[in-house]
Amino acid sequence: MSASLHLRLPLAIGLCAALASPVFAADPLTVTVHRLTLDAAERIAQGAIKACRAKGLQVSVSVVDRNGIVQATLRDTLAPPVSLDISRQKAFTAAMFGIKGTAMGPQAASPLALLGDGLAFTAGSVPIEAGGRMYGAVGVSGAPDGKLDEECAQAGLDAVLPDLEMQ
């Protein structure tokens with residue numbers, strides 16, 4: 001073999017390998033979305049109901065995913081029927097804004113409160129966040145005070161939070 005062929009052959013093989021390899025984009029073209037399982041959403045809802053029952057309260061609970069879509073919902077036996085839809089609205093709003101209901105004062109006083117059908121800028125909800133990930137939110141309605149609703153929502157989240165943090 002000639003000397004020039006010895007130089008060209010490795011170059012040609014390297015060029016073919018480079019052209020045959022997949023092209024890698026600087027940014028990924030897809031995302032991975034972490035979601036709660038139905039069992040986890042139900043545990044949160046049950047935990048909120050249990051916490052409110054311990055206070056002598058009958059409430060409704062809604063757990064929504066990060067898009068605000070209901071994943072689990074419960075209405076305790078004597079909870080007011082209207083509380084079911086309000087719990088969903090509270091959870092939806094917390095998921096959309098990523099903050100708990102008691103922190104929504106600025107949003108409640110803004111034009112946003114007039115725009116959104118299905119929004120509830122009021123106490124009674126907490127976002128479901130763990131390990132730096134947003135999973136959704138839980139909303140509770142039916143207690144005489146939104147802060148009590150929110151305590152129950154937090155208790156429901158606390159029922160799964162240690163397990164979520166470990167993932």
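Structural remarks
- Count of residues meeting criterion [touching a residue at least 40 places away in the same chain (Cβ under 8 Å) and either in contact with a Pro (Cβ under 8 Å, 6 or more places away or on another chain) or farther than 19 Å from Val82 by Cα (or both)] in segment 127-140: 6
- Qualifying residue in segment 3-10 (condition: over 15 Å from the mean Cα position of the chain (by Cα), closer than 19 Å to Leu164 by Cβ and either surrounded by 10 or more Cβ atoms within 10 Å (Cβ to Cβ) or modelled with pLDDT of 95 or more (or both)): no
- Under the condition of being out of contact with any Cys (no Cβ under 7 Å at 6 or more places or on another chain), open to solvent by less than 50 Å² (accessible area, probe 1.4 Å), part of a helix (DSSP H, G or I) and over 23 Å from Met134 (Cβ atoms), the residues counted in segment 45-57 number 1.
- Considering Ile128, Ile86, the condition of being modelled with pLDDT of 95 or more and closer than 17 Å to Thr37 by Cα is satisfied by Ile128 alone.
The values are calculated or read from the model by the stated rules, or taken from the named source; none is laboratory data. Remember, predicted model here, so these are calculated numbers, not experimental data. Ideal geometry is used to build each Cβ from the backbone, glycine not excepted, and the neighbour counts take in all protein chains shown. The protein model used for the area step is the full one, side chains on, heavy atoms only, and it has no ligands, DNA or RNA in it. Shrake-Rupley method; radii C 1.70, N 1.55, O 1.52, S 1.80 Å.
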